[in-house]
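Colleague: My questions all concern the structure below.
A short reminder: the numbers here are calculations on the coordinates, not readings from a lab. None of the values given here were measured: they were computed from a predicted structure. Glycine also receives a Cβ, built like all others from the backbone with ideal geometry; neighbour counts cover every protein chain displayed.
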Amino acid sequence: MTIAEKLDIIKYNIVESAKKAGRNPDEVMLLPVTKTKSPEEIMPALEYGVRAIGENYVQELVAKYDVLCPYVEEFHMIGHLQSNKVKYLIDKVSLIHSVDSLSLLKEIDKQAKKHDKIQDVLLEVNLTREASKSGVYEEDLDGLLQGSSAFSNVCVKGFMTMPPVGSDEAFLRRVFSKLRGIYEAYRAQDCNISILSMGMSHDYSIAIEEGSTLVRVGSAIFGPRNYQ
């Protein structure tokens, strides 16, 4: 299938999943993830009408930025971000999905000030307590969110999570439902909270049924990643 045909299928699935949950499909944003893909491989998606893409690595985002920025309105940083890399992408990204510490928030705030911008971020929540994964534990989330109020050039827009690869549907639903509950509780207190980033190529339909407002889909659009 072509990339356009794959995008048609994914958009159809998003609509059907939203309807199944009694939701408005327009509430769900599709973020194509372009990890390891060249600008030439990404271009068919842009010709289709995609205007936002997500990258996992700072160096990839920076390398592709100048080529793709005439066509892309939003670049998202979705992978783990080290504080010493923030300065390289702060002027290029609309949203950082993977914030999990006050020290990272502090550096984002510092670099955003230099560019006179308010940087939107999501707090990554590690609900399954995987040692190999980034993300703040549930019991530490409130402190991180409260601490974020000290930074005038950062705006927390919501939350992101990634369940373990290979999880069964029942487990995925428990994880997604739990973060949705957290999201809704904070959203009731803070009008800036509006994004719940859950779901990838293998589980985005389940995530939408459980309340996701943003799904990150890579391999289902662009095929297997090339790590060579």
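Colleague: Counting other beta carbons within 10 Å of each Cβ, put C69, C191 in order, fewest first. List each step's numbers first, then the result.
Modeller: Numbers: C69 11, C191 7.
Going from sparsest to densest Cβ surroundings: C191, C69.
Colleague: Once amide H atoms are built 1.01 Å from N in the peptide plane, which residues 5 or more positions from V217, or in another chain, come under 5 Å H to H?
Modeller: Under 5 Å from the amide H of V217: L31, V33.
Colleague: If you don't mind, another one. For R180, R225, R216, which order do you get if you count the other beta carbons within 10 Å of each Cβ and list the fewest first? Spell out each step's value before the answer.
Modeller: On the way: R180 18, R225 14, R216 25.
The order, fewest Cβ neighbours first, is R225, R180, R216.
Colleague: OK, next. Anything over 29 Å Cα to Cα? Flag those among K114/K157; K85/K133; K11/K110; K92/K157, in the order listed. Present the calculation step by step, with values, prior to reporting the outcome.
Modeller: Working: K114/K157 21 Å; K85/K133 19 Å; K11/K110 38 Å; K92/K157 18 Å.
As for pairs spanning more than 29 Å Cα to Cα, those are K11/K110.
Colleague: In which sequence would V165, V93 go, from the one with the fewest C-beta neighbours within 10 Å to the one with the most?
Modeller: V165, V93
Colleague: Any idea how far apart N192 and E5 come out in nm if each label point goes 7 Å out from Cα toward Cβ?
Modeller: 4.5 nm
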